[in-house]
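Beneath this line is the structure, given in structure tokens, with notes to follow.
The values are calculated or read from the model by the stated rules, or taken from the named source; none is laboratory data. Note that the coordinates shown come from a computational prediction; the quantities given were computed from them, not determined experimentally. Using ideal geometry, Cβ is built from the backbone for each residue, glycine included, and neighbour counts are taken over all protein chains shown. To get the accessible areas, we keep the full protein, side chains included, count just its heavy atoms, and leave off ligands, DNA and RNA. Shrake-Rupley method; radii C 1.70, N 1.55, O 1.52, S 1.80 Å.
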Amino acid sequence: MRLKTLADLADPALAPRLVIKVGSALLVDDGGARRPWLTMLVAEIAAAKARGQDVIVVSSGAIALGARRLGLDKGGRGSLADAQAAAAVGQIALSGLWAELLAAHGLTAAQLLLTLEDLEDRRRYLNATATLTRLLDAGAVPVINENDSVATQEIRFGDNDRLAARVAQAARADAVLLLSDIDGLYDRHPKEPGARLLPLVEGITPEVRAMASPESSSGMGSGGMISKLQAVEIAELAGIALVIGNGTCDRPVTRIIEQGIGTLFLPRAARAKGRKDPRKAWLGGRLRLKGDITIDAGAAKALAGGASLLAAGVTAVAGQFARGDAVAIRDADGRVLAHGLSEYDAGECRALIGRQSAEQAAILGYAPRSAVVHRDQLVLM
């Protein structure tokens, strides 16, 4: 069984485990934390727990809260140093607020601060999975944020939309709810005349991507519709549904579920039939890859049919990577077809471009491996 409507978010049989992401603009205003609003949201989380659902919260707001306490301009985002300092101050206030409000319903909050590397590195990803699983088994509500006090530009998610989708993969969640400042995905910019809210989208296509706007009206968060669609694609790789809904009203989860206002993104049918292998979901959801391998049309067709990538189909190699590193596999137009773990380093891959198997031993000086990227280490995008 899988979700079909927004009302299904409240069904423990269809959505036993939820990830709810809360944006900065919803949590913080000019006066500080929006405590009355957050109190109502926590009551909705408690209701979900009472129904028998696990809930994980991905909470923005640390930088915005800390910037107000430190008196930093530009919401604490004027420089990396400002953002890190603001996060260090604001995270204490933010986690304390969540803990206090959840405790009022008899719930225990648990704080996890993650960086990109925590979910890109396979071993650390599995550690995060184990921690989340144990916390949920114990009845706690994990409250997760990016570790902005130490994250640099090179090791940042950059927005909590994609972080929420990666957390959902790690936690084997059934659905992600992104609470934002917009009702959902519109078929064009929502300010344009005739713009229509899309209640259901099955699979991200080029046409769907074209509808996205990079703007975030609050000026407080770091995401926009483009980052939300990237989150949808990450969730889809693991067969996870994702909802974009408006959090600016009181009791936003109830409004989304009972009034059906929002956009429900369902994985394409092929991915929704069953959960994708967790390891391949992790690989497909990676945000930082070490290189690119471009292939010809014949190789692209073979990959679509479930084959491994052979050297004969490679036309170009970019980047510096070692054996076992994650790479993007692209077609001649630059479109990403797959992520995979390379069986060779970048220099060897370049030496093997377009070569048949019979030639490879002489080129490499040792017996070649069966593929440049084996199908068991590859996931189609």
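Things to note:
- Three-way shape label, the range 25-67, alpha-carbon gyration tensor, a/c 1.5: oblate
- Entries in LYS4/LYS191; LYS4/LYS228; LYS49/LYS228; LYS49/LYS280; LYS4/LYS301; LYS4/LYS280 that, when Cα-Cα distance is taken, lie over 23 Å: LYS4/LYS191; LYS49/LYS228; LYS49/LYS280; LYS4/LYS301; LYS4/LYS280
- Structure-based [θ]222 nm, the chain - -39500 (n - 2.57) summed over DSSP H runs of at least 4, per residue, nearest 500: -11000 deg cm²/dmol
- Span-like helix ranges in the chain, DSSP H, alpha carbon extent 20 angstrom or more, Kyte mean at least -0.5: 35-50, 80-103
- For the range 308-379: span of alpha carbons on each principal axis (Å, largest first): 32, 22, 21
- Hydrodynamic radius by Kirkwood, which averages 1/r over all alpha carbon pairs of the range 257-381, in angstrom: 15.5 Å
- Secondary structure note: in the chain, about 40% of the DSSP beta bridges are antiparallel.
- Within a Gaussian network of the chain (alpha carbon springs, distance under 10 Å), most fluctuating of ASP30, ASP11, ASP54: ASP30
- Calculated SAXS-style log₁₀ I(q)/I(0) at q = 0.09, 0.10, 0.13, 0.14 Å⁻¹ - the chain, Debye, Cα scatterers: -0.55, -0.66, -1.05, -1.18
- Net charge of Cβ neighbours under 10 Å - reference ILE204; Lys, Arg +1; Asp, Glu -1: -2
- Taking ARG335, ARG355 and ordering them by how much accessible surface each has at a 1.4 Å probe, largest first, produces ARG335, ARG355.
- PHE321 contributes about 10 Å² of solvent-accessible surface, heavy atoms of the protein only, 1.4 Å probe.
- Relative to the current alpha-carbon distance between ASP121 and GLU359, full extension at 0.36 nm per residue lengthens the span by 82.2 nm.
- Taking the average, over residues, of other Cβ atoms within 10 Å as the packing measure, peptides 126-135, 84-93, 181-190 rank 84-93, 181-190, 126-135 from highest down.
- Of all the options LEU94, LEU303, LEU229, the one that moves most in a Gaussian network model of the chain with Cα springs shorter than 10 angstrom is LEU303.
- Using a Gaussian network model of the chain in which every pair of alpha carbons under 10 angstrom is joined by a spring, one finds that among ASP159, ASP137, ASP82 the greatest mean-square fluctuation is at ASP137.
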